[in-house]
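Report on the structure given below.
The values are calculated or read from the model by the stated rules, or taken from the named source; none is laboratory data. Note that the structure is predicted; figures quoted are calculated from it, not measured. Virtual Cβ from ideal backbone geometry, glycine too; neighbours counted across all protein chains shown. Calculation scope for accessible area: heavy atoms of the full protein, side chains included, ligands and nucleic acids excluded. Shrake-Rupley method; radii C 1.70, N 1.55, O 1.52, S 1.80 Å.
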Amino acid sequence: MDEVLRRALEPVLRDIRATGVPEPDVRDDDWADDDLSASAFLWSRDGSGAGVRVDRAAAEADRVVQVADQVQEWVIEELWGRAATNWPRCPQHPETHPLRASTHGRSAMWVCPGEGTPVSPVGSLE
Ligand SMILES: [Zn+2]
């Protein structure tokens, strides 16, 4: 696995494990075939895959946000029809929307999209 991508994925996978939602099987597959990005595939148990890619030139926090967005989409697809899809759940609005990954200063944060308030660093969900 590409080191840049591995480092960006690590905090997002930690959040998946901490919250007990399905975890993708991440396979090294540089499908993007592009020197400016690193890519891999996220596989689910039912055999469907989704690509994930990250810009090598982006700041570290931005890379985590890019990956968090794509993995979040994968998790929501996985939960669809089986469980509530609002992952990660917004503590202030648990029925309304999931949190959204966003860069605040030099940190990748999960943010309430309604109020724009940071809730937790990516990688620190409980
Ligand atoms: Zn909210």
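The table for this structure:
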read-out: Heavy atoms of Asp30: accessible area, 1.4 Å probe, square angstrom to 10; value: 80 Å²
read-out: Accessible surface of the range 3-121 [probe 1.4 Å, protein heavy atoms]: carbon and sulfur percent; value: 46 percent
read-out: Neighbourhood net charge (9 Å Cβ-Cβ; Lys/Arg +1, Asp/Glu -1) for Ser120; value: -2
read-out: Using a Förster distance of 25 Å, the FRET efficiency for Glu95-Glu115 (Cβ separation, nearest 0.05); value: 0.95
read-out: Theoretical gain in end-to-end length, Asp2 to Ala59 [0.36 nm per residue, Cα-Cα removed]; value: 18.9 nm
read-out: Cα centre as origin, Lys/Arg/Asp/Glu Cβ charges: the chain dipole, Debye; value: 460 debye
read-out: Where the chain is the region considered: accessible area per residue in Å², 1.4 Å probe; value: 56 Å²
read-out: Asp46 paired with Thr19, simple spin-label distance in nm, labels 7 Å along Cα-to-beta-carbon; value: 2.0 nm
read-out: Rg over Rh [alpha-carbon atoms, Kirkwood Rh] for the chain; value: 0.96
read-out: Heavy-atom accessible area ranking, 1.4 Å probe, most first, across Asp28, Asp34, Asp15; value: Asp28, Asp34, Asp15
read-out: Taking the chain and dividing mean pair separation by its residue count, relative contact order in percent (alpha carbons under 8 Å, at least six apart); value: 22 percent
